[in-house]
1. Could you work out the local net charge near Met228, counting Lys and Arg as +1, Asp and Glu as -1, over the other residues with Cβ closer than 12 Å to its Cβ?
2. For Ala72 and Glu46, calculate 0.36 nm times their separation in residues minus their Cα-Cα distance, and state this gained length in nm to one decimal.
3. Given the Cα-Cα distance of Lys184 and Glu139 and 0.36 nm per residue of separation, how much length would full extension add, in nm?
4. Could I have the simple spin-label model distance between Lys200 and Glu33, label points 7 Å from Cα toward Cβ, reported in nm to one decimal?
5. Net charge near Pro196: determine it from the other residues with C-beta under 15 Å of the C-beta of Pro196, scoring Lys and Arg +1 and Asp and Glu -1.
6. So how tilted is helix 162-182 from the main axis of the chain? Cα-based, degrees 0 to 90, rounded to 10.
7. For region 1-101, compute Rg over Rh where Rg is the Cα radius of gyration and Rh is the Kirkwood radius from the inverse mean 1/r over Cα pairs.
8. For Val189, enumerate residues with amide H under 5 Å from its amide H, sequence gap 5+ or separate chain, H modeled in the peptide plane.
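No value in this document is a laboratory result; all are computed from the given coordinates. Quick caveat, the model's predicted, so the values are computed rather than measured. Positions of Cβ are backbone-derived with ideal geometry, glycine not excepted, and every protein chain shown enters the neighbour counts.
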Amino acid sequence: MSISKLFDISGKTALVTGGSRGIGLMIARGFVEAGVKTYISSRKAEACEQAAAELNKIGTCIPLAHDLGNMAEVKKLADEVKAREKRLDILINNAGAAWAEPIDKYSESGWDKLMNVNLKAIFFLTQALLPPLRAAAKEGDPARIVNIGSIDGLLAPSLESYAYSASKAAVHHLTRNLAKHLAKDNITVNAIAPGPFETKMLAPVLAANRKLVEGGVPLGRIGQDDDMVGAAIFYCSKASSYVTGTVLPVDGGISGTPYTSTTFSL
Ligand SMILES: NC(=O)c1ccc[n+]([C@@H]2O[C@H](COP(=O)([O-])OP(=O)(O)OC[C@H]3O[C@@H](n4cnc5c(N)ncnc54)[C@H](OP(=O)(O)O)[C@@H]3O)[C@@H](O)[C@H]2O)c1
């Protein structure tokens, strides 16, 4: 197969949750540019519509606003997708929230809110969308689920973000468990574990600690749109048809070389 065919995802249909901004919008833009009919979702209808209007100048993007912290809304999002599409080739479970608080004050409601959107919603949205994913799955070109985890689910983070890091470690393991059981349906399930990317979520961290964050990345920079798009397209193209149950750190080397920040010589 030619190299361009190997990475060709044109003609597919995708849903990117949290596609209104940040990493989700990076992936959605990459998909739309690559000829994928792309649904995006987020809580705020206006932000979702604005992002879709922008992407519709390049290709096809449909906004669907739903709060994935709420199970009834998770189901509604899946129902809306299923009402419009018999087949769904790609599901990107990206929507997520972050929050940190000192351990002595860490609240139960905050813990539950994070676990609901970062973890529970991924499982139940995936479950509800299995019929159109199964319908799209082909031998040699499976349907794809890509979960967005985090390097905070691989390494203990600097911030006191207990529920966040635990939810992301759970996302990585859920990815492996889903991969094992959905392989028979020709659906691959993989995760991307991003390092630092310039988004609203990371803005307060970068405002206070940019030099420290950049200094902790072996490649010496914050992640850029193409870094994320490249990984997402790999996981959704024929190039990765034989890859499932993996977690790909897209982090400039942070998790692969954890001693970098303490490098010394004799
Ligand atoms: N940025 C980084 O450096 C970094 C690093 C590691 C992992 N990640 C992960 O990457 C993913 C995207 O993060 P980001 O940095 O792009 O964050 P972001 O800029 O804050 O974007 C989050 C997206 O998720 C949506 N969202 C949040 N809560 C939601 C809910 N309850 N229901 C539906 N949609 C919701 C947001 O839209 P609304 O506000 O309109 O709902 C937005 O579209 C997250 O899973 C995050 O944990 C990010």
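1. Summing Lys/Arg as +1 and Asp/Glu as -1 gives -4.
2. 7.3 nm
3. Fully extending the segment from Lys184 to Glu139 adds 15.2 nm.
4. The modelled label-to-label distance comes out at 2.2 nm.
5. On the way: positive: Lys168, Lys200, Arg210, Lys211, Arg221; negative: Asp152, Glu198, Glu214, Asp225, Asp227, Asp251.
Surrounding charge for Pro196 is -1.
6. The angle comes out at about 40 degrees.
7. Working: Rg = 13.9 Å, Rh = 13.9 Å.
With Rg and the Kirkwood Rh in hand, the quotient comes to 1.00.
8. Result for Val189 returns Ile145, Gly245.
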